[in-house]
1. Just to verify a result, which residue in the range 43-63, among those that are surrounded by 14 or more Cβ atoms within 10 Å (Cβ to Cβ) and assigned to a loop (DSSP other than H, G, I, E, B), is modelled with the lowest pLDDT?
2. In the range 93-136, how many are crowded, with 18+ Cβ neighbours inside 10 Å and in contact (Cβ under 8 Å) with a residue 40 or more places away in the chain?
3. For G140, all conditions in the list (1) out of contact with any Lys or Arg (no Cβ under 6 Å at 6 or more places or on another chain); (2) at negative phi hold save one; what is the number of the exception?
4. Go through the range 116-142 and give me each residue that's touching a helix residue (DSSP H, G or I) at 6+ places or on another chain (Cβ under 6 Å) and either among the hydrophobic types (A, V, I, L, M, F, W, C) or assigned to a loop (DSSP other than H, G, I, E, B) (or both).
Amino acid sequence: MSLRYLAICTGALIAAVAMHNTPAQALTMKECSAKFKAAKADGTLNGEKWNDFRKAQCGAEAAAEPAPAPAAAKPAKPAPAAAGNAVFPSAVDTKFSSEKPGRARLHTCSEQWQANKASNGNGNMRWSHYYSECNKRLKGTA
C-alpha cells in the first residue's frame with residue numbers, strides 16, 4: 001500500500017464522517033440569527049439567550065424553517081451635526097511646528113476642542129466629526 005493511497009483513503013474517511021455528523025436539517029448561522037432576531041422582535045424569546053435559543057431552535061433536532069423576511073430596514077444613523085456654531089482654529093498652532101503636519105493639525109484641533117468644551121463651542125459634534133472638519137479646514141480643503 002502506497003503512502004499516497006493511504007492519504008486518499010484517510011481523507012475520504014474524514015470527509016464521510018464529517019458529512020455523517022452534519023445534520024441536513026440544521027439551520028445555518030445566518031438563518032438561525034434571522035430566526036432569533038424575529039423572535040426577539042416578536043417578544044417570544046421569554047428571556048432566552050442566544051446560545052440557549054441556538055441549541056433549542058437551530059440544532060439538528062429543530063426542523064428547518066425558512067428564515068423570516070426582515071421586518072423593515074434599519075433606520076439610518078442620523079447625520080453628524082453641522083459645523084454651524086462650532087469654533088475651529090484658523091491655523092496650526094506654532095508650538096506644534098516641530099511635529100509632522102498631520103500630528104500638528106491633530107494637536108491643534110485637540111486643544112481647540114478642549115477649549116470649546118467649556119464654552120459649548122463644539123457645535124454639538126462628537127470628537128471624530130469635529131476633528132474631521134477641523135482637519136479639513138486646517139488643510140484648506142473645507
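1. Filtering first and then ranking leaves A62.
2. So the answer is 6.
3. (2)
4. N122, C134, L138, A142
The values are calculated or read from the model by the stated rules, or taken from the named source; none is laboratory data. What you are looking at is a predicted structure, and each value in this text was computed from that prediction instead of being measured. When we count neighbours, we look across all protein chains shown, and the Cβ atoms used for this are built from the backbone with ideal geometry, even at glycine.
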